[in-house]
Amino acid sequence: MTVNSMDEIIQAITTHQNYCISTHTNPDGDAIGSQLGLAHMLEGLGKSVILVNRDPTPRIYRFLPGADRILQPADGRLSCDVFFIIDCSDQARVGNELFSSVQCRLTINIDHHITNQQFADINWVDKHSSSSSEMIYRLAGRLHVKVSPETADCLYTGIFMDTGSFRQSNTTSIVLKTVADLVELGANPSRVAHEIYEKQSPGRLRLLARVLNALELRLEGKMALVSVTRDMFNATGTTVEDIEEFVNYPRSIEGVKVSALLREEPVRGIKVSLRSRDSTDVASVASEFGGGGHQNAAGFYINGNLEDAKDCLEKAIRQLLNETQS
Ligand code: AMP
Ligand code: MN
Ligand code: MN
């Protein structure tokens, strides 16, 4: 983290009135939580905020206060003084059309991805933060803005999801202190857990059954992979928003170092999500394929069909595991 960029962000917030905030395509809990948390904070300072994302908010995050205000891009242009882009490692992750449809004086990128490309006018990138939501909480402290219970719920949810419900190695003492603060400020952990884990649709569980049934182990059990095909979505009446967290199931098998979820996409080929443990760095594999992410969670696209993508991935993971051992 560079202290300068935080100072510059505070300066920009002091100076400007109208904001637009966006986050990445196929948004996750940290994307939505940090976006809404920042919006509530800015509004607490009397600012005007428009929220716009390329893709809809997954059902499990729609309980978050303000989620109903997030727009999908309409035709035409949006204008604001400052355009915040949160939790996005590069401009394309926002959606190129959306990015170019926002007219603004200043762009600000707040993110924690190791692969961030510093694409904005002001870039605050902290790869040591668990989540963008943790960074927004830090910004609130520096702005001396009161964190409302609504903001606290949003930021808590972002941290909860990006730490794998406090199970991953990014669950630092700072994370636990931050969420303790957020609970004191009004975040409700049992409600958040209930909303996220205990309101599943029957279709999602039927889809999970199909996905796990086709589990494959490769590389002497060190790599586990599952796939989601268009047929599976059709047969269970589900969509991409129903597969959140599926990639963690194969990683839970003893001896697995890398888990992968491959999903057939209508336009861009196969979407790959990778998860790993400890020092096995899947972000490096994602970068090779033009994607990005973190050491233990990364994603990218591969052109072609599912079986070819699996073989291509196996090769890359074999090389990664060989390098990690040596
Ligand atoms: P996912 O498996 O899609 O949930 O992504 C895991 C992590 O990698 C998240 O932090 C994403 O923001 C990041 N990520 C996924 N796909 C991409 C991509 N195409 N480019 C950059 N980062 C990505
Ligand atoms: Mn994210
Ligand atoms: Mn994140």
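Condition check: within 16 Å of ligand 3 (Cβ to nearest atom), farther than 17 Å from HIS24 by Cβ and modelled with pLDDT under 95. Does GLN295 satisfy that?
yes
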Confirm whether SER284 is in contact with a helix residue (DSSP H, G or I) (Cβ under 8 Å, 6 or more places away or on another chain), among the hydroxyl-bearing types (Ser, Thr, Tyr) and away from ligand 1 (no atom under 13 Å from the Cβ).
no
Restricting attention to the range 282-321, which residues are surrounded by fewer than 16 Cβ atoms within 10 Å (Cβ to Cβ) and on the phi > 0 side of the Ramachandran plot?
GLY290, GLY304
Mind listing just one residue for me: the one in the range 201-215 that is in a loop (DSSP other than H, G, I, E, B) and either free of Cβ contacts under 8 Å to residues at least 12 places away in the same chain or not hydroxyl-bearing (Ser, Thr, Tyr) (or both) and, of those, surrounded by the most Cβ atoms within 10 Å (Cβ to Cβ)?
LEU215
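Can you confirm whether the range 150-167 contains a residue that is surrounded by fewer than 14 Cβ atoms within 10 Å (Cβ to Cβ) and without any contact (Cβ under 8 Å) to a residue 12 or more places away in the chain? Quick ask: steps written out before the conclusion?
The initial filter retains those residues of the range 150-167 that are surrounded by fewer than 14 Cβ atoms within 10 Å (Cβ to Cβ), namely 167.
If we keep only those that are without any contact (Cβ under 8 Å) to a residue 12 or more places away in the chain too, we end up with 167.
Looking for residues that are surrounded by fewer than 14 Cβ atoms within 10 Å (Cβ to Cβ) and without any contact (Cβ under 8 Å) to a residue 12 or more places away in the chain, one finds at least one in the range 150-167, hence yes.
How many of the residues in the range 149-168 are in a loop (DSSP other than H, G, I, E, B) and at negative phi?
3
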Quick one: which of VAL228, VAL247 is within 16 Å of ligand 2 (Cβ to nearest atom), in contact with a Lys or Arg (Cβ under 6 Å, 6 or more places away or on another chain) and among the β-branched types (Val, Ile, Thr)?
VAL247
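Test VAL256 against the criterion of being in contact (Cβ under 8 Å) with a residue 12 or more places away in the chain, in contact with a strand residue (DSSP E or B) (Cβ under 8 Å, 6 or more places away or on another chain), part of a loop (DSSP other than H, G, I, E, B) and surrounded by 18 or more Cβ atoms within 10 Å (Cβ to Cβ), and give yes or no. Give the derivation first.
On the way: in contact (Cβ under 8 Å) with a residue 12 or more places away in the chain: yes; in contact with a strand residue (DSSP E or B) (Cβ under 8 Å, 6 or more places away or on another chain): yes; part of a loop (DSSP other than H, G, I, E, B): yes; surrounded by 18 or more Cβ atoms within 10 Å (Cβ to Cβ): yes.
Yes: the conditions hold for VAL256.
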Residue check, VAL240 closer than 26 Å to SER129 by Cα and touching a residue at least 24 places away in the same chain (Cβ under 8 Å):
no
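Somewhere in the range 219-237, is a residue of a type in the set (Ser, Thr, Tyr), touching a strand residue (DSSP E or B) at 6+ places or on another chain (Cβ under 8 Å) and surrounded by fewer than 17 Cβ atoms within 10 Å (Cβ to Cβ)? Walk me through it before giving the result.
So the first thing to find is which residues in the range 219-237 are of a type in the set (Ser, Thr, Tyr), and the list is 227, 229, 236.
Remaining after also requiring touching a strand residue (DSSP E or B) at 6+ places or on another chain (Cβ under 8 Å): 227, 229.
Now drop any that are not surrounded by fewer than 17 Cβ atoms within 10 Å (Cβ to Cβ), which leaves 229.
Yes.
Counting only residues that are part of a loop (DSSP other than H, G, I, E, B), in contact (Cβ under 8 Å) with a residue 40 or more places away in the chain and surrounded by 14 or more Cβ atoms within 10 Å (Cβ to Cβ), how many does the range 169-200 have?
Within the range 169-200, the subset part of a loop (DSSP other than H, G, I, E, B) is 169-172, 185-188, 198-200.
Pick out the ones that are also in contact (Cβ under 8 Å) with a residue 40 or more places away in the chain and you get 169-172, 199.
Among the residues that remain, those that are also surrounded by 14 or more Cβ atoms within 10 Å (Cβ to Cβ) are: 170-172.
Number satisfying all stated conditions: 3.
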Given (1) within 23 Å of THR115 (Cβ to Cβ); (2) basic (Lys, Arg); (3) not in a helix (DSSP H, G or I), number of the condition LYS146 does not satisfy
(1)
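The values are calculated or read from the model by the stated rules, or taken from the named source; none is laboratory data. Everything numeric in this text was worked out from a predicted model, so none of it was measured. Glycine gets a Cβ as well: all are built from the backbone with ideal geometry, and neighbour counts include every protein chain shown.
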